[in-house]
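Reading through the structure tokens given below for one structure.
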Amino acid sequence: MEKKLYAGKDYEKEFNPRDYLKTYYSFDSNTVDENEVLKFNLQNLFQTFSSGGVGGDILIDIGTGPTIYQLLSACEAFREIIATDYTEQNLQELERWLKKEPGAYDWSSVVQYVCELEGDRSRWQEKEARLRSTVTRLLRCDVTKPHPLGTAQVPPADCVLSLLALESACPDVDTYRAAVQGLVSLLKPGGHLVTVVVLHAESYMVGSKNFFGLYLEKETVEKAVEEAGCQVLKCNYCPNSYSKALCTSDGICFVVARKGPSA
């Protein structure tokens, strides 16, 4: 195990998407803690994008990484999804799945779980096809910049989604607060911010490499969202966390907020 703590620009060379997927998203009997966190997120996403009433034309996912699980319920509620990430290798891994290329990561067990939540486990292949047709653009992003999508032209979004991304990208709480404001700036008035944050994080493992995690309290997260001009509609706390050998943390919180008319 390496002792160096990787952060910031290190992601471009040191972050291995496949190691990350195998560690946190295998969804098998060997990853019990990781499974519980994933199920918590999937259940909350299902509720948010179905009975929760969050939907519309455009969803922008900030910090998509190499994963698609966070979009499985959202693709039923939005006409178009724009996926974004800081690193090229994550977008390439994502594109492999979207294009059904040989060697693409197998998400079928996770897709089946979401379809079961929706009432019909057997329609998982239809679900995959729908998601592939709904993701229309892959863009680079940097949440530490005032304009997280740089010069890319995107319309105001009905929803901005960001799971397990800001606490990895932001070196301190001030940067985190500014990043939340940057995400909210992508929303149209009345649009929704949906975010999941690991609490009390310090670091997390990807393969043999240790990556930085920003220590955040639940109250800090809620205050940052409110200061960005949003009303917090839901903040669900889950005491379950990742295996201690993989991630130093103390639970996660799932936040849904609505942007005010003048934010």
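The values are calculated or read from the model by the stated rules, or taken from the named source; none is laboratory data. On a predicted model such as this, the values are computed, not experimentally measured, just so you know. Backbone-built Cβ (ideal geometry, glycine too); neighbour counts: all protein chains shown. Ligands, DNA and RNA are stripped out before the accessible areas are found, and what is left, the full protein with its side chains, is counted by its heavy atoms. Shrake-Rupley method; radii C 1.70, N 1.55, O 1.52, S 1.80 Å.
May I ask you to give the percent of accessible area on region 1-93 that is carbon plus sulfur, with a probe radius of 1.4 Å? After summing per-atom areas, the C and S share lands at 44 percent. Highest mean packing first, where packing is the average number of other Cβ atoms within 10 Å per residue, the peptides 176-184, 4-12, 135-143 line up as 176-184, 135-143, 4-12. Measuring between their Cα centroids, region 118-168 and region 176-205 lie 14 Å from each other. Every Cα-Cα pair of region 74-127 was included, and the share exceeding 18 Å stands at 46 percent. Counting only protein chain heavy atoms and rolling a 1.4 Å probe, the accessible areas of 243, 185, 162 rank, largest first, as 185, 243, 162. Here the gap between residue 14 and residue 137, fully extended at 0.36 nm per residue and compared with their Cα-Cα distance, gives a gain of 41.8 nm.
Students often get this wrong, so check it: of 9/188; 39/127; 99/188; 99/209; 3/223; 145/259, which have C-alpha atoms separated by over 26 Å? Walk me through the numbers on the way to the answer.
Working: 9/188 30 Å; 39/127 18 Å; 99/188 30 Å; 99/209 29 Å; 3/223 33 Å; 145/259 20 Å.
As for pairs spanning more than 26 Å Cα to Cα, those are 9/188; 99/188; 99/209; 3/223.
Within region 116-196, what whole-number % of the accessible surface is contributed by carbon and sulfur, with the 1.4 Å probe and all protein chains included in the calculation? The C+S portion of the solvent-accessible surface of region 116-196 is 50 percent.
Computed packing ranks the peptides 218-229, 114-125 as 218-229, 114-125, most packed first, by mean other Cβ atoms within 10 Å.
Taking every protein chain into account, the accessible area of the chain amounts to 43 square angstrom per residue (probe 1.4 Å). Working from Cα pairs under 8 Å separated by at least six residues, relative contact order for region 146-191 is 59 percent.
Just read off the accessible area of residue 50 with the full protein assembly in place, 1.4 Å probe, to the nearest 10 Å². Answer for residue 50: close to 60 Å² accessible. In this structure, the amide hydrogen of residue 139, modeled 1.01 Å from its nitrogen in the peptide plane, lies closer than 5 angstrom to those of 83, 84, 85, counting only residues at least 5 positions away or on a different chain. Other residues within the sphere of radius under 9 Å centred on the Cβ of residue 140, judged by their own Cβ, net out at -3 (K and R +1, D and E -1). The label-point distance for residue 245 and residue 116, in a model that sets each label 7 Å from Cα toward Cβ, rounds to 2.6 nm.
Using the Cα gyration tensor of the chain, with a ≥ b ≥ c the square roots of its eigenvalues, what is the shape: rounded (a/c below 1.5), prolate (a/b larger than b/c) or oblate (neither)? Numbers along the way, then the final one.
Values: a/c = 1.27, a/b = 1.02, b/c = 1.25.
It comes out rounded by the Cα gyration axes.
Normalised by the number of residues in the chain, the average gap of Cα pairs under 8 Å and 6 or more apart makes the relative contact order 21 percent. Heavy-atom accessible surface of residue 57, to the nearest 10 Å², is about 80 Å², with a 1.4 Å probe and all protein chains retained. Annotation: amide H-H contacts under 5 Å for residue 157 (H modelled 1.01 Å from N, sequence separation of 5 or more, or interchain): 187, 188.
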